[in-house]
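Working notes, structure below.
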Amino acid sequence: MRKIRLLGDPVLRKKAKEVSQIDEYVLNLVKEMFEVMYANDGIGLAAPQLGVSLRIIVMDDGKPRVMINPQIVYKSEEKIVGEEGCLSVPEIFENVERSKEVIVKYRDENNVEREEKFVDYSARIVQHEYDHLDGILFVDLIPAERRAAIREKLLDIVKRSVHQR
Ligand code: NI
């Protein structure tokens, strides 16, 4: 199984590329993403977290979904704050402000174009995973004073990421 890339790994900071074709490679990657996500009790995973800079998300908010080339076409003005964590930033949990509702356009694993509305917890997962495709991590979005408070823990993860590469 591919390893989960950790904070400090440059692949997590790249803007991921669009998937041009949903082929065997992409479908195998998606399968592996689900395996890694479930093995680590995750609820979402983005391809860059496995070292692959492609715009693919998997999530399971009670219903497993694959989103290929997702686009957030609507974000509500109304925001809500909730706790987030990330398999690439282990053992860190911080409050993040997100839109309460989003509408996402994406292709599923069968190459069917879908548009779906997500609210609350599910909208939070989508926004978190979508950010990974643009090289954004949830710890980038927390207040500076919280980031300062967890600075040592973040540096430890960066050190681990160096050893992992
Ligand atoms: Ni994450």
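The values are calculated or read from the model by the stated rules, or taken from the named source; none is laboratory data. Because the structure is predicted, anything quoted here is derived from the model rather than measured. Glycine also receives a Cβ, built like all others from the backbone with ideal geometry; neighbour counts cover every protein chain displayed. Ligands, DNA and RNA are excluded from the accessible area calculation, which covers all protein heavy atoms including side chains. Shrake-Rupley method; radii C 1.70, N 1.55, O 1.52, S 1.80 Å.
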Residue count for segment 12-35, restricted to those that are among the hydrophobic types (A, V, I, L, M, F, W, C) and either more than 13 Å from the chain's Cα centre (by Cα) or open to solvent by 70 Å² or more (accessible area, probe 1.4 Å) (or both): 6
Pairs where the first residue, in segment 67-95, is over 30 Å from residue 151 (Cα atoms) and the second is open to solvent by 20 Å² or more (accessible area, probe 1.4 Å) and within 14 Å of the ligand (Cβ to nearest atom), C-beta under 7 Å, 6+ apart: 70/130; 72/130
Positions within segment 132-142 being open to solvent by 40 Å² or more (accessible area, probe 1.4 Å) and either of a type in the set (S, T, N, Q) or not in a helix (DSSP H, G or I) (or both), in sequence order: 134, 136, 141
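So in segment 143-155, with the set limited to residues that are in a helix (DSSP H, G or I) and either touching a Leu at 6+ places or on another chain (Cβ under 8 Å) or crowded, with 16+ Cβ neighbours inside 10 Å (or both), which one is modelled with the lowest pLDDT?
The extreme case among them is 147.
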So residue 1, is it in contact with a helix residue (DSSP H, G or I) (Cβ under 9 Å, 6 or more places away or on another chain) and closer than 23 Å to residue 117 by Cβ: no
Unmet criterion (only one of (1) within 14 Å of the ligand (Cβ to nearest atom); (2) closer than 22 Å to residue 36 by Cβ; (3) surrounded by fewer than 16 Cβ atoms within 10 Å (Cβ to Cβ)) for residue 163: (1)
Unmet criterion (only one of (1) more than 20 Å from residue 139 (Cα to Cα); (2) more than 13 Å from the ligand (Cβ to nearest atom)) for residue 10: (1)
Per-region count, segment 36-69, residues polar (S, T, N, Q), part of a strand (DSSP E or B) and within 12 Å of the ligand (Cβ to nearest atom): 0
Filtered residues of segment 70-80 (kept if of a type outside the set (D, E, K, R) and in a strand (DSSP E or B)): 70, 71, 72, 73, 74, 80
Count of residues meeting criterion [part of a helix (DSSP H, G or I), within 16 Å of the ligand (Cβ to nearest atom), farther than 18 Å from residue 41 by Cα and not hydroxyl-bearing (Ser, Thr, Tyr)] in segment 85-131: 3
